[in-house]
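Q: Starting off with a structure, shown below.
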């Protein structure tokens, strides 16, 4: 990059204690637009000292925010919801620019974030305690919820809007403060969100944003002031976050990798299954932990399904999503594209049948990979074992539903699974026997709405309390149980 180009690129700031602060770090990375490769920003990799300063500001703010009326907290969230609705299109444009997903998908992601604000804004109901008026003579017991203190969030690049909104709205609604680290690959959106939280009236220090990488993560995991860590990302990093965070006596929820299996039975609406499996496998360029990257098809309809699915994948349009709302955008970085191409090469070497090669005919300039389809995939192959996080789908033929369920259950990752069928009996068998936390019936992406927990199983989740739903209230609060005796003798004469 020339010096002129370098000087024209903005450097992202941290937001600490209600102020935009330039990082003192000497390390930074460039942020390219994945559709074009053009550098759009530079993000400093903040130091542990900067992160500790943000934690200190969050702790100061907690002294008053934790005692702020729950009604006032809800009003601020209602105000934020309206501002997000007002700026929905602009937020979607930022997501497309730094993540690469099509604008329609990006705006839909903003909608999912708003949904979480709506859920958190109902906090007066969610925080209500419970009581028993008589557990012994003149003795009553009441349960109260209180915020836990300074919380933290470590967020991924693939959903720069939705995932942070799984975390901070509920955390602050419960009376906590937070230090949030966006992905260093998508740092721009969260700073726009901060502007909206300030406009909504959120006090200084309640929500702090520190840009960076491992130094920020390690400070959040080790600093004793931080009471909880919420993480979404890869399995390896999630395992580290969980083990390291709990070793420092923190509450941790770590949502990690996935290899989601969809099952298509012979009684399914094949055209519907093709359309929804196409979105499940190739939407968001396959860069989501709910991607339907393995499709198990009953033998009786396998030829029809494969033919229709392959043709539909060939017809997918791809290009610069900043210019046009293509179905498929790029993967996030050049190294992700190269990694995906290597998996395709390995799949062929391992003996899988390459039905559609995503390396062919990719647009120039960005980090593109076209839809890729494999058949004859076995459980020993890396294209089945690993989460590729790209538009790569394995199709596997099975004789019946029990074989399909057994195949899916043999994987160590278990976020979601889908079943396409017209049989209630099959649905019940699937529900009772599949080892996955989020199930879809005649759906391609079974991600639950904010009012239900995002409940991965096996190595897709480390922790006890999941994100969203009632679990999130439990995660961000602790209880006081008050047992009291008020003797009634003087009134019972």
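Q: If I filter the stretch 338-360 for residues that are loosely packed, with under 14 Cβ neighbours inside 10 Å and in contact with a helix residue (DSSP H, G or I) (Cβ under 6 Å, 6 or more places away or on another chain), do I get at least one hit?
A: no
Q: Would you call residue 348 in contact with a strand residue (DSSP E or B) (Cβ under 9 Å, 6 or more places away or on another chain), assigned by TED's automatic domain parsing to the domain that holds residue 421 and part of a helix (DSSP H, G or I)?
A: The answer is yes for residue 348.
Q: Restricting the first residue to the stretch 248-273 and requiring it to be without any contact (Cβ under 8 Å) to a residue 24 or more places away in the chain, which pairs with a second residue that is part of a loop (DSSP other than H, G, I, E, B) and buried (at least 22 other Cβ atoms within 10 Å of the Cβ) meet a Cβ separation below 7 Å and a spacing of at least six or different chains?
A: none
Q: To continue, here is another question. Considering only residues that are within 22 Å of residue 158 (Cα to Cα) and over 20 Å from the mean Cα position of the chain (by Cα), which ones fall in the stretch 198-235?
A: Correct list: 215, 218.
Q: If you go through the stretch 145-165 one residue at a time, do you hit one that is assigned by TED's automatic domain parsing to the domain that holds residue 78 and more than 24 Å from the chain's Cα centre (by Cα)?
A: Scanning the stretch 145-165 turns up at least one residue that is assigned by TED's automatic domain parsing to the domain that holds residue 78 and more than 24 Å from the chain's Cα centre (by Cα).
Q: Sticking with this structure for a sec: List every residue pair whose Cβ atoms sit under 8 Å apart, with the two residues 6 or more apart in sequence or on different chains, where the first one lies in the stretch 342-369 and is on the phi > 0 side of the Ramachandran plot and at pLDDT 95 or above and the second, anywhere, is buried (at least 16 other Cβ atoms within 10 Å of the Cβ) and in a loop (DSSP other than H, G, I, E, B).
A: 351/376; 351/381
Q: Oh, and also: Just to be sure, is residue 335 touching a residue at least 24 places away in the same chain (Cβ under 8 Å), over 16 Å from residue 444 (Cα atoms), in the same structural domain as residue 387 (by TED's automatic domain parsing) and not in a loop (DSSP other than H, G, I, E, B)?
A: no
Q: List the strands (runs of 3 or more DSSP E) inside the stretch 122-176, counting only whole elements, that have at least 3 residues being surrounded by 23 or more Cβ atoms within 10 Å (Cβ to Cβ) and touching a strand residue (DSSP E or B) at 6+ places or on another chain (Cβ under 9 Å).
A: 150-154
Q: Still on this structure, I have one more. Specify which of the listed residues (383, 388, 396, 373) is in the same structural domain as residue 266 (by TED's automatic domain parsing), assigned to a helix (DSSP H, G or I), touching a residue at least 12 places away in the same chain (Cβ under 8 Å) and surrounded by 15 or more Cβ atoms within 10 Å (Cβ to Cβ).
A: So the residue among 383, 388, 396, 373 that is in the same structural domain as residue 266 (by TED's automatic domain parsing), assigned to a helix (DSSP H, G or I), touching a residue at least 12 places away in the same chain (Cβ under 8 Å) and surrounded by 15 or more Cβ atoms within 10 Å (Cβ to Cβ) is 383.
Q: I've got another one for you. So is residue 41 touching a residue at least 60 places away in the same chain (Cβ under 8 Å), buried (at least 18 other Cβ atoms within 10 Å of the Cβ), more than 30 Å from residue 319 (Cα to Cα) and touching a strand residue (DSSP E or B) at 6+ places or on another chain (Cβ under 6 Å) or not?
A: no
Q: Would you be able to say whether some residue in the stretch 296-303 is assigned to a helix (DSSP H, G or I), closer than 30 Å to residue 365 by Cα, in contact with a helix residue (DSSP H, G or I) (Cβ under 9 Å, 6 or more places away or on another chain) and assigned by TED's automatic domain parsing to the domain that holds residue 425?
A: no
Q: Okay, next question. Do you know which residues across the stretch 97-122 are farther than 14 Å from residue 162 by Cα and touching a residue at least 60 places away in the same chain (Cβ under 8 Å)?
A: Hits for the stretch 97-122 are 97, 98, 100, 102, 103, 104.
Yes/no per residue for (1) crowded, with 19+ Cβ neighbours inside 10 Å; (2) under 16 Å from the mean Cα position of the chain (by Cα); (3) not assigned by TED's automatic domain parsing to the domain that holds residue 226:
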position	(1), (2), (3)
415	yes, yes, yes
429	no, no, yes
434	yes, no, yes
449	no, yes, yes
452	no, yes, yes
476	yes, no, no
486	no, no, yes
492	no, no, yes
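Q: Ok, one more. May I ask you to say which residue of 247, 204, 268, 213 is closer than 25 Å to residue 340 by Cα and modelled with pLDDT of 95 or more?
A: On inspection, the qualifying residue turns out to be 213.
The values are calculated or read from the model by the stated rules, or taken from the named source; none is laboratory data. Since the model is a prediction, treat every value here as computed from it, not as a measurement. Cβ sites come from the backbone with ideal geometry, for glycine too, and all protein chains shown count toward neighbours.
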